[in-house]
1. In a strand (DSSP E or B), not acidic (Asp, Glu) and not assigned by TED's automatic domain parsing to the domain that holds residue 303, is that true of residue 203?
2. Any residue in region 210-226 that is in contact (Cβ under 8 Å) with a residue 24 or more places away in the chain sitting within a Cβ distance under 6 Å of a residue that is of a type in the set (S, T, N, Q)? List the pairs, counting only those 6 or more apart or interchain.
3. Report yes if some residue within region 200-214 is within 15 Å of residue 160 (Cα to Cα) and either of a type outside the set (S, T, N, Q) or within 33 Å of the chain's Cα centre (by Cα) (or both); otherwise report no.
4. Please verify whether residue 189 is among the β-branched types (Val, Ile, Thr) and farther than 21 Å from residue 244 by Cβ, treating the condition exactly as stated.
5. Within region 503-515, can one find any residue that is touching a strand residue (DSSP E or B) at 6+ places or on another chain (Cβ under 8 Å), in contact (Cβ under 8 Å) with a residue 12 or more places away in the chain and closer than 18 Å to residue 401 by Cβ?
6. Please go through region 97-122 and give me each residue that is assigned to a loop (DSSP other than H, G, I, E, B) and crowded, with 16+ Cβ neighbours inside 10 Å, ordered by number.
7. Kindly indicate the residue of region 472-490 that is small (Gly, Ala, Ser) and over 37 Å from the mean Cα position of the chain (by Cα) and also farthest from residue 349 (Cα to Cα) among those meeting that condition.
8. Would you please name the residue that is surrounded by the most Cβ atoms within 10 Å (Cβ to Cβ), looking only at residues in region 479-514 that are within 30 Å of residue 527 (Cα to Cα) and of a type in the set (A, V, I, L, M)?
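The values are calculated or read from the model by the stated rules, or taken from the named source; none is laboratory data. No experiment lies behind these values; they were computed from the predicted model shown. Cβ: placed from backbone, ideal geometry, glycine included. Neighbour counts: every protein chain shown.
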Amino acid sequence: MKKHVLMAVLPLMVWGCGDATDADNDGVADGIRDPNNVSVVVPSTPKGTVSGQVLSTTLQPLADVTVAMTIGSQPTGKSATTDPSGNFVMTDVPAGAQVLLTFSKSGYSTLRATSTVPSAAGTVPINNGNASFGPVTLTQLNGSLTVNVVTPQGRPAVGAKGVLEVDRAGSVILSNYDQANSVVSKVYVEATADSNGVLTFSGIPSGVELARLNGTYNLWIAPMDSNGDGVVDTGGYVKSYSGGAIVGTQTTTLAQLSYSKPSNVSLTIEGGNVSSLKGVVETDPLRNMVRPGEPIYVYFNQPVQPGSLLVRLTDEYAKESLPVTASVNVGGYSATITPANGIVQEGKEYNIFVRAVSAEGGSNFSQTGFFFGGDQAAPKSVSITDVRYQENSTVAPASTQLNAGETVYVSFSAPIKALIGTTAQIFFNDDIDGDGKVGNAQGEVGNAQGFFLNSAEPTAPYVTGTPAEKPVFGILSSGYSTRYSFTYAGATSFNSVQISKLTLRVAFSKLPEQGYGDAYETIWGQATIADLDASGMVMQKNPAAP
């Protein structure tokens with residue numbers, strides 16, 4: 001008897017010593033019919049389900065809706081089709097997996113939603129983890145929407161391209177307590193305006209359908225290039241309409257395109273190689289330097305009328321207009337200004353005036369600027385090119401002499417600028433106090449004190465007659481100038497013969513002695529620290545003299 005009992009118990013002992021398996025994934029260890037131990041009913045790979053119901057916006061079941069499921073990053077997924085009640089279910093989905101479901105049916109909007117199968121799937125009770133999608137609502141794509149599009153001038157916008165986005169073309173309720181879910185259901189339709197400027201968008205949810213979901217129609221109309229030159233002639237159009245607002249009509253309000261730049265925006269120059277022509281004057285000479293032979297480029301913030309462009313060009317003194325041609329390019333957005341050959345020279349300053357009229361808003365624009373002839377990469381040294389004095393007297397012999405109190409002008413070969421708080425001094429290499437010695441009087445070479453040199457940047461031509469010459473147009477100060485001046489304060493008056501032999505020195509080298517370093521700089525940004533000498537002086541006649 002004992003032997004038989006032993007044989008009966010042995011299979012149970014052998015099974016209990018091995019590992020429990022659940023090859024069929026039913027949540028119960030294989031071979032167990034009536035489990036009485038929790039350890040043998042927990043699945044080795046917990047599984048859950050995904051289910052839901054799909055309805056129309058009138059809450060009627062939708063059959064034959066294809067439900068495609070992507071499971072996490074797995075390359076293959078699952079799919080199902082809704083039954084006559086609109087229901088679907090997919091089993092054997094790993095617990096804790098994130099799933100993406102795509103709902104699609106011909107004639108209806110497509111909806112995509114993500115959710116997560118509960119990680120509790122597989123615990124007692126067996127395989128109870130379910131990700132519920134529902135109800136899912138899809139809109140029917142049997143509606144249309146027409147939009148009348150006109151140009152900024154009020155004409156039909158033939159050929160206008162539009163896109164209509166229907167936002168919230170479907171809805172879904174996720175009831176698995178998952179906080180990281182998302183739902184996307186949008187419809188996009190493109191259209192081109194016909195000969196009457198009408199855009200027709202078909203195959204979209206009707207206003208009634210969209211109103212049930214509290215959705216919107218978002219309309220975008222692209223800017224137009226009616227003549228095909230690559231430059232837009234109009235601005236675009238953007239507007240949103242609620243589904244409820246469209247219920248009573250299938251035609252939107254008028255969509256009038258704007259100008260490519262709003263008409264309430266003033267015409268300005270946005271860029272180019274002469275920065276001083278911008279609305280805010282930029283005085284940096286390197287941003288206002290034009291190489292000899294190179295055109296001047298101007299870029300407007302909106303197109304200009306080609307026939308409205310007027311350009312005037314003068315030298316530093318603005319005495320007379322210099323020959324220049326100008327053309328409008330790129331649909332009016334840019335202009336090329338070309339000085340006549342040989343006009344722009346190295347180290348010279350020029351004044352420029354530009355006037356134009358907007359092609360859209362009709363606003364007028366005029367701007368005065370300046371630029372320098374030169375190459376940023378090829379700086380030039382500076383020298384004195386001219387010395388002349390302004391005769392104050394009209395009575396001989398004083399009217400032909402350099403007398404104390406008269407202004408002497410010194411012109412340089414290129415514009416220079418004194419840094420703040422610095423002033424160079426002028427010394428004569430001559431006896432200007434009449435004592436037979438050089439160096440013992442103010443203003444003589446060898447003396448510590450000279451005559452202070454100040455900027456005399458021209459704002460008008462030299463006065464040579466009565467009435468005084470006027471500039472071609474009002475010119476701006478650049479802060480750089482070729483013309484400087486000082487007041488002669490010597491005790492000796494020099495006659496015309498002596499004047500032609502006078503020599504003077506601009507003592508830039510004394511500036512470091514006064515605590516200044518590169519106190520003057522050229523338009524190329526180079527320091528001017530070497531003394532410059534000049535001989536001979538020209539008299540500038542008093543305009544009032546007979």
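1. Considered against the rule, which asks whether it is in a strand (DSSP E or B), not acidic (Asp, Glu) and not assigned by TED's automatic domain parsing to the domain that holds residue 303, residue 203 comes out as yes.
2. That search, which allows pairs on different chains as well, returns 212/57; 213/171; 216/240; 216/242; 218/240; 223/234; 224/234.
3. yes
4. So residue 189 does not fit the description; no.
5. Yes, region 503-515 contains at least one residue that is touching a strand residue (DSSP E or B) at 6+ places or on another chain (Cβ under 8 Å), in contact (Cβ under 8 Å) with a residue 12 or more places away in the chain and closer than 18 Å to residue 401 by Cβ.
6. Matches in region 97-122: 97, 105, 109, 110, 117, 118, 121, 122.
7. 490
8. Per the stated criteria, the residue is 504.
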